[in-house]
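Reviewing the structure listed below.
The values are calculated or read from the model by the stated rules, or taken from the named source; none is laboratory data. As the structure is a prediction and not an experimental result, all values here were calculated from the model. Glycine also receives a Cβ, built like all others from the backbone with ideal geometry; neighbour counts cover every protein chain displayed. Side chains are part of the model used for accessible areas, which takes the heavy atoms of the whole protein and leaves out ligands, DNA and RNA. Shrake-Rupley method; radii C 1.70, N 1.55, O 1.52, S 1.80 Å.
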Amino acid sequence: MISPSIKSQFEAIVGKENIMDSPAQRLVYSYDATPNIQAMPDLVVAPRSTEEVVKIVNVCQKGKIPIVPRGSGSNLCAGTVPIAGGVVLLFKHMNRIIEVDEQNLTVTVQPGVITQDLIETVEQKGLFYPPDPSSMKISTIGGNINENSGGLRGLKYGVTADYVMGLEAVLANGEVIRTGGKLAKDVAGYNLTQLLVGSEGTLAIITEATLKLIPKPESKQTMLALYENIDAAAQSVSNIIAAQIIPATLEFLDQPTLQAVEDFAQIGLPTDVEAVLLIEQDGDSQVVERDMRKMATLCMASGAISVQVAATLEEAEALTTARRAALSALARLKPTTILEDATVPRSEIANMVKAINEIADRHQVKICTFGHAGDGNLHPTCPTDARDLEEMERVEAAFADIFERAIQLGGTITGEHGVGMVKAPYLQWKVGATGIAVMKGIKQSLDPQHILNPGKIFTEEARKRLVVSS
């Protein structure tokens, strides 16, 4: 519990209006988008500047009070659940786009900037920020950096880490560090910028970011390829890449996901096929035309029964929006929806999908699969009911088997969601005991009191502090 004297110190820093401590207010920040995991913070504090963050951290480190940096809470690994209590640090005031530098093709932002707001702002200047997580309408840049978020455009353009050039961050001892900058090249010492990207708020608190921009693509086209079997869809993915075409988007949806999305979006998606690929290309208009023709031919040659090119921008947007709505659509099926991400080499997509289906049958659970086929990042999703404890045990066992199979196929336990609490029990499967020891050494060096987002990434902490809502 945070004492009245400590609370008074926070009030002196940010003002009473930026402190939330009622049970109802704290309840709002006791969970994130991850189902079935919840824990109450002692206090929610909303700083307005880096200087205020420094002062808050100084109070916390003296009192050994946990701090959980939080954006919109849209992560799916329980990365912002305050399982050790303490202070949730809310960045709703630190939401300015500080500078769009058209000469250096960079943008400097505070962590609370909404992803889509940033994308739309730079596009007005003919520039492009590619990372586009499905939650981009609500997710924040700070959250994206902490989780190293991906998105539909990840195949061609990469993930958040590929666009973070520099950071300002507050360390656990209250000192401010600046890493990187607007430089196209900088190899001075360890790459501290990339160390902090994806660290899930466990190493430092990000207060400012300088991001890389690129010219906005001239044109874009979208098409839908329909398949009677998953093998043919997977073969299309392999053949497209082998033809040295890198589409902006190459997404996969299986039949159960298609049915759920069409019931939700009602845009005329086919629901009588085994799988579809949503393919998008952008760039020079002539190159886009050429690539779309080639990809359509490759899909048909690989076993597609039909290829449909969106005739209008509205049609294309409807298809992309429908894909982004997959989680929302599946969430309508049962009270609880568990969405995971297992990533394998592209060549193993068909094997991974088959494995997911076999594992679901073996554990007698329903799993729908969609995801980023172009980069091998699949999202097996289980509509279930957390109140059915016996079924939840089977669901957990099924996902453990899915992660194990992904690693056996040369993959990983998470491609873009992060580790948080949910994947902590499986991290050692991927990185080994030595890898865990190295990560713990870094954590110990930067946060010896373990006050920054405790209970995340490492198994024993997650298990010790886990609170599951009934």
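Work out the FRET efficiency for I407 and R178 from their Cβ-Cβ distance, taking R0 = 60 Å, and round it to the nearest 0.05. Once rounded, the FRET efficiency stands at 0.95. Taking all protein chains together and a 1.4 Å probe, the residues R405, R70 rank R405, R70 from largest to smallest accessible area. In terms of packing, defined here as the mean over residues of other Cβ atoms within 10 angstrom, the peptides 35-41, 25-31 line up highest first as 35-41, 25-31.
In whole percent, and with a 1.4 Å probe on the protein chains, what portion of the accessible area of the chain is carbon and sulfur? That fraction is 51 percent.
Each Lys or Arg adds one and each Asp or Glu subtracts one; over the other residues with Cβ under 14 Å from the Cβ of Q61, this totals +1.
A Förster radius of 35 Å, combined with the Cβ-Cβ distance separating Q444 from E317, puts the computed FRET efficiency at roughly 0.15.
Tell me whether segment 195-324 comes out rounded, prolate or oblate; compute the Cα gyration tensor, take square roots of the eigenvalues as a ≥ b ≥ c, and use a/c under 1.5 as the rounded threshold. Note, shape of segment 195-324 comes out prolate.
Surface analysis of segment 295-405 yields an accessible area of 42 Å² per residue, using protein heavy atoms and a 1.4 Å probe. Sum -39500 (n - 2.57) across every DSSP H segment of at least 4 residues in the chain, then divide by the residue count to get the 222 nm mean residue ellipticity, nearest 500. Roughly -11500 deg cm²/dmol at 222 nm, from the helical runs in the chain.
Let a ≥ b ≥ c be the square roots of the eigenvalues of the Cα gyration tensor of segment 135-271; is it rounded (a/c under 1.5), or, if not, prolate (a/b larger than b/c) or oblate? Taking the square roots of the gyration eigenvalues as a ≥ b ≥ c, segment 135-271 is prolate. Using the alpha-carbon atoms, what tilt in degrees (0 to 90, nearest 10) does helix 389-408 show relative to the longest principal axis of the chain? Result, in degrees: 70.
The trypsin sites (Lys or Arg not before Pro) of segment 155-254 that DSSP puts in a loop, and whose beta carbon has at most 14 other beta carbons within 10 Å, are K185.
For segment 241-288 and segment 73-119, write down the distance between their C-alpha centroids in whole Å. Value for the Cα centre distance between the two parts: 30 Å. Comparing segment 100-191 with the 2.2 N^0.38 Å rule of thumb, its C-alpha radius of gyration ratio is 1.11 (two decimals).
Averaged per residue, segment 6-157 has 37 square angstrom of accessible surface, using a 1.4 angstrom probe with ligands and nucleic acids left out.
Spacing of the modelled spin labels on T271 and D21, each 7 Å from Cα toward Cβ, amounts to 5.2 nm.
Once Rg and the Kirkwood radius are both taken over the C-alpha atoms of the chain, their ratio Rg/Rh works out to 0.97.
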